[in-house]
Amino acid sequence: MDVHLLPEIFLMNTKIFDLIQSIKSEDHYLRRPSIVYDFYIDELSGILGKLEKILNSKQYMDLVDKKLQIKLHKFNELQFIQSACELTVMSHFLGVCGVSFEYEKVIGKPKNVDFSILRNGRNYNIEVKCPSFNRHEKIDGEIELHCIDRAPSMQFKNEILELVSRKLEICDKKTIEIKNLDNTLKDFLISTQEKVKKSSLEDVNILVVGCDDEANMHMWRGYLLGSNGFFTENSFINHDQFDRVDYVLLTNIYNRHYRYFEGERIINHWSLSASFNLLYPNKFSRRNVAIDGEIDLNHMNSIFPNHNIEFEKYLNDVVDVPDGEKQEIKKLVLGVAWYADKYRKNGIYYFNKHPPVKSVDVYF
């Protein structure tokens with residue numbers, strides 16, 4: 001480390017220490033000591049130090065006081081994670097040579113995207129969204145039922161759920177349905193469309209979605225590319241409702257921030273490049289229909305670090321499955337988990353594991 005930077009780093013740490021001391025809520029994430037606490041705070045301090053030089057005073061204070069909730073008396077966990085995810089994506093571009101950064105850029109009044117970057121003469125508009133997962137606290141022996149794909153009708157889905165529940169009740173097993181979030185992704189796409197629809201057709205518009213664990217991330221991929229997925233010919237809503245959204249980046253940054261203090265195997269929570277990311281193009285967007293998709297995807301992969309090429313190859317490899325497992329299960333549910341396991345065996349951890357629950361999940 002350059003010793004000339006030490007006074008600046010010390011100053012940043014002092015500032016965030018003062019901010020933490022002023023936090024009102026005891027539940028606030030920045031007041032939860034843990035093994036990884038110092039790393040978490042230092043990384044955040046570095047990001048805030050860069051943003052303080054870019055933002056005006058009002059923008060910076062809104063970020064600190066409201067988004068990070070330093071001055072709020074009641075802590076909102078989801079709002080904090082949403083803000084943390086936004087900062088994590090921003091941090092990948094802050095201070096990068098040749099990249100101009102614009103915070104909360106207004107493309108079509110009154111709405112703005114989270115930020116935009118200008119790189120090599122091209123503008124990239126980036127919107128970051130986090131779902132409200134409404135985590136269910138499972139009880140011993142309870143089985144969660146997940147519907148992998150969108151059902152043809154509610155009646156059909158309810159009949160399947162009832163059939164599965166009856167069979168499990170015979171074994172004295174209680175069940176609970178976990179709602180799909182494909183409608184949440186629909187809302188994200190439509191919301192992003194509203195914010196970027198007046199942008200130039202030469203701009204690249206990216207929706208970033210913060211996902212949870214491996215199985216959850218695989219589900220979100222299915223919302224895009226599975227049966228009736230938005231990026232397929234059979235999307236259950238018209239493509240023109242999101243034809244200005246050019247790419248969706250799925251990333252597990254939600255997983256890496258959610259109750260970070262309960263985990264201890266990852267330390268770089270605020271790093272997009274250290275997260276597990278999958279970038280998918282919308283081949284139906286007005287911009288993408290007019291370009292060479294393969295060349296553009298390769299270009300985008302150089303900007304947003306991700307595993308899309310390698311992961312899709314793995315997903316379609318009928319040989320590369322764990323012993324005793326089936327290719328169908330990999331493609332439907334566990335592809336991300338098994339792929340990430342390959343890295344974990346070499347000491348590379350992408351997902352933060354939280355305390356285990358005593359339950360079994362059923363996917364159908």
| remark: Contour minus Cα-Cα span, Glu77 to Gln21, at 0.36 nm per residue, comes to 18.3 nm
| said: Assuming 0.36 nm per residue, please report the length gained on full extension of the stretch Glu104 to Ser34 beyond their Cα-Cα distance. | reply: 22.0 nm
| Each residue of segment 263-277 in order: what ³J(HN,Hα) in whole Hz does its phi give by Karplus 6.51 cos²θ - 1.76 cosθ + 1.60, θ = phi - 60°, with x for Gly and Pro? | x, 8, 9, 10, 10, 8, 5, 9, 10, 5, 5, 8, 8, 9, 10
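Sort largest first and round to whole Å: the equivalent ellipsoid semi-axes of segment 214-296, each the square root of five times a Cα gyration tensor eigenvalue.
On the way: eigenvalues 179, 46, 18 Å².
Here the semi-axes work out to 30, 15, 9 Å.
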| Say R0 is 22 Å: what FRET efficiency, to the nearest 0.05, do Val289 and Lys197 get from their beta-carbon distance? | 0.85
| request: May I ask you to list the lysines whose Cα is less than 18 Å away from that of Lys313, ignoring any residue fewer than eight positions away on the same chain? | output: Lys326, Lys330, Lys331, Lys342
| note | Residues whose built amide H sits under 5 Å from the amide H of Asn252, excluding neighbours closer than 5 in sequence, are Cys211, Phe276
| Separation between the Val318 and Asn234 pseudo-spin-labels, each 7 Å from Cα along Cα→Cβ, expressed in nm? | 2.1 nm
| said: What is the sum of charges, Lys and Arg at +1 and Asp and Glu at -1, for the other residues whose Cβ falls under 15 Å from the Cβ of Leu55? | reply: 0
| How large is the convex hull of the Cα atoms of segment 47-98 per residue, expressed in Å³ as a whole number? | 66 Å³
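Do the alpha carbons of any pairs in Lys58/Lys105; Lys111/Lys197; Lys109/Lys195; Lys66/Lys198; Lys58/Lys111 sit beyond 20 Å of each other, and which pairs? Intermediate values should be presented prior to the final figure.
Details: Lys58/Lys105 15 Å; Lys111/Lys197 11 Å; Lys109/Lys195 8 Å; Lys66/Lys198 28 Å; Lys58/Lys111 18 Å.
Pairs exceeding 20 Å: Lys66/Lys198.
Every number in this text was worked out from the coordinates using simple rules, so none of it is lab data. Bear in mind that the values here come from a model prediction, so they are computed numbers and not experimental data. So basically every Cβ, Gly included, is an ideal-geometry build from the backbone, and we count neighbours across all protein chains shown.
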